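Note sheet for the following structure.
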Amino acid sequence: MEATAADVGTVRAFNRFYTGVIGVLGEGLVRSPYSLTEARVIFELAQRDDAEVLALRRALGLDPGYLSRMLTRFENDGLVVRERAPGDARRQVARLTDRGREVHAMLDERSSAEIRALLDGLAGDDRRRLLGAMRTVQGILGDRARADGAVLRPLAPGDLGWVVERNGALYADECGWDRTYEALVARVVADYVENHDPERESAWIAEAGGERAGAVFCVRREDDVAQLRLLHVEPGARGLGVGAALVGECVRFATEAGYREIMLWTTALQRPAHRIYERAGFVLEEEEPPVARFGDVVHGQVWRKKL
């Protein structure tokens, strides 16, 4: 569906509003003599020992002349050194000096302080809603492409029903489980929706070739323990790294959310998943005695990973 003029106006209004919130309309970023673009260049250079100038320009989408003048100013201020790349005089590399890294540390500290002050001024529920909305925007507009062409995205309308349906169908076909398992999945999904804490819980859909290829949920188990739930990969997408990407994203989120450990429950039947968990650093810590569940005899397992 094509975006309307009202849709475009909404995005532009948000851009103007948020630009004002982060203070980039002032004379300098975070009360410094550097503009937003100059600070972005400094931040980018601080991420590596040196950077090829052409790659830097492409990464930030800057005009060659503008970047050259900026780097000249940084050189004059003692922040940057430019030189020809070893083995290829056609390429130029730039790196921060010790003084440049001091400026980066100052910008980084002030930026963090301003963001912390903004968040500290919000009530707990408002802060969680804001951070959840920011993660949603980043997930939708910044889908991370995988080497196999798969991408991970946040939940969209219709995804929850699909998760329940596909789990029920796949486990019936591959494990012979009855509909009580599908009912369990439905309860897990409903609980996620009804009690969702966007600051500490999230879920992702993997897509490959424009089709849904798998899913995973990260939920709160205890205050310092996250739980990975409902991992599944469609049969046609197995062997492409989709499961590893979903597990990796779940671990990354749990770490950033402040959990100290992540755990999961699975069964002895899910051997392909075991290999994914092992590669992600999970350790099998508990094997439960066999019990009658889902119309089968299930050997449960608990896997854990320190964060």
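The values are calculated or read from the model by the stated rules, or taken from the named source; none is laboratory data. Bear in mind that the values here come from a model prediction, so they are computed numbers and not experimental data. FYI the Cβ positions are ideal-geometry reconstructions off the backbone, even for glycines, and counts take in every protein chain you see. For accessibility, only protein heavy atoms count, side chains too; no ligands or nucleic acids. Shrake-Rupley method; radii C 1.70, N 1.55, O 1.52, S 1.80 Å.
Enter the Cα centre distance for the pair the range 197-217 and the range 249-279, rounded to the nearest angstrom. Here the answer is 15 Å between Cα centres. Computed with the Debye formula from one identical point scatterer per Cα of the range 5-121, without solvent, the log10 of I(q)/I(0) at q = 0.10, 0.14, 0.17, 0.23 Å⁻¹ comes to -0.38, -0.68, -0.91, -1.31. Using θ = phi - 60° in the Karplus curve 6.51 cos²θ - 1.76 cosθ + 1.60, the 3J(HN,Hα) couplings for the range 5-14 round to 4, 5, 4, 4, x, 4, 5, 5, 5, 5 Hz; x is entered for Gly and Pro. Against the set (1) 22.9; (2) 19.7; (3) 21.2, the structure's computed Kirkwood radius over Cα pairs in Å falls on (1).
Within the range 227-307, the trypsin sites (Lys or Arg not before Pro) that combine a DSSP coil assignment with at most 14 other C-beta atoms in a 10 angstrom radius are 238, 260. Judged by the ratio a/c of the largest to the smallest principal axis of the C-alpha gyration tensor, the range 220-307 counts as oblate, that ratio being 1.5 or greater while a/b is no larger than b/c. Extension gain for residue 11-residue 73 works out to 18.9 nm (0.36 nm per residue, less the C-alpha to C-alpha distance). Rounded to whole numbers, the Karplus 3J(HN,Hα) couplings from phi for the range 226-235 are 8, 10, 7, 9, 6, 5, 8, 10, 4, x Hz, using 6.51 cos²θ - 1.76 cosθ + 1.60 with θ = phi - 60°, and x at Gly and Pro. Heavy atoms of the protein chains alone define the surface here; on that basis the chain has 58 Å² accessible area per residue at 1.4 Å probe size.
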